[in-house]
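Heads up, the thing below is written out as structure tokens.
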Amino acid sequence: MIILTGDTHGEFYRIEEFCEEYDTTPEDVMVILGDAGVNYWLDERDEALKGRLAQLPITLFCIHGNHEQRPEELSVYEQAEWRGGMVWMEPDYPNLLFAQDGEVYDFDGKKALVIGGAYSVDKYYRLASGQRWFSTEQPDGRIKDRVKRRLDQLCWQVDYVFSHTVPLSYIPRHALLPTIDQSTVDRSTEFWLEEIERKLTYERWYAGHYHVTCSLGRVQILYEDYEELE
């Protein structure tokens with residue numbers, strides 16, 4: 001199985017229940033569409049979580065979100081090839097893989113482009129309360145150039161896109177927090193994804209981030225639900 005789901009934020013109880021219910025094996029893959037929350041505290045709490053996840057009978061493939069450090073910024077990770085693309089991993093936790101933005105992965109003959117990251121609307125709350133915030137949460141110019149080069153190589157055709165946030169016109173307005181002044185939200189990543197989406201030939205686009213499950217055209221947003229990749 002190749003299963004997609006939304007943000008976990010370091011809480012994997014439902015994933016453990018899923019593995020037990022469906023009797024998964026390491027050959028099965030669960031794609032977490034950002035904010036897995038494994039590289040959040042950057043201390044022994046993360047290590048304890050990784051040790052727990054290493055016991056799960058499933059491979060976790062994590063897209064970058066906005067509530068976690070990029071693995072390339074951490075010395076414990078090394079690069080490895082997986083399904084035709086490069087991932088970040090640790091030898092001690094071989095079932096825990098982190099996608100690289102701009103890479104394309106092969107899922108049973110289908111090409112999936114990964115574009116992670118988003119803006120944190122809770123940035124200032126986190127800073128004020130002593131929680132973690134990561135300045136590299138959104139794709140920078142280097143990542144955007146990498147995505148464009150890869151799409152040029154593919155003649156702007158893929159089967160799937162796995163991202164954290166969505167193109168601008170697919171933002172689920174009903175899910176936006178009423179306590180946040182939306183005029184203060186940095187939508188630069190969503191604007192950029194909108195440019196990509198308008199030019200790209202694709203079948204389905206999967207994202208997380210908004211803590212809702214809804215379908216908007218070919219864009220599927222997931223939270224605590226699951227969808228099997230076909």
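The values are calculated or read from the model by the stated rules, or taken from the named source; none is laboratory data. Nothing here was measured: the structure is a model prediction, and the numbers come from that model. Cβ: placed from backbone, ideal geometry, glycine included. Neighbour counts: every protein chain shown. To get the accessible areas, we keep the full protein, side chains included, count just its heavy atoms, and leave off ligands, DNA and RNA. Shrake-Rupley method; radii C 1.70, N 1.55, O 1.52, S 1.80 Å.
Overview of results
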quantity	calculated
Residues of type lysines that residue 199 reaches as a straight line, Cα spacing below 23 Å, ignoring anything fewer than 8 places off in the same chain	110, 111, 144, 148
Carbon + sulfur, % of accessible area of segment 137-210 - ligands and nucleic acids excluded, 1.4 Å	50 percent
Antiparallel DSSP beta bridges within the chain, percent to nearest 5	45 percent
Environment charge at residue 169 (Cβ cut-off 13 Å; Lys +1, Arg +1, Asp -1, Glu -1)	0
Surface per residue (accessible, 1.4 Å probe) for segment 1-54, Å²	43 Å²
Förster radius 22 Å - calculated FRET efficiency between residue 215 and residue 11, Cβ distance, rounded to 0.05	0.35
Solvent-accessible area of residue 9 with every protein chain in place, 1.4 Å probe, in Å² to the nearest 10	70 Å²
Segment 6-148 - Rg over Rh from alpha carbon coordinates, Kirkwood radius	0.95
C-alpha center-to-center spacing [segment 55-131, segment 1-46] in angstrom	12 Å
Choice from 112, 48, 207 with maximal GNM fluctuation in the chain (Cα, 10 Å cutoff)	48
Whole-percent carbon and sulfur share, accessible surface of segment 71-136, 1.4 Å	47 percent
Fraction of beta bridges assigned by DSSP in segment 112-224 that are antiparallel (%, nearest 5)	20 percent
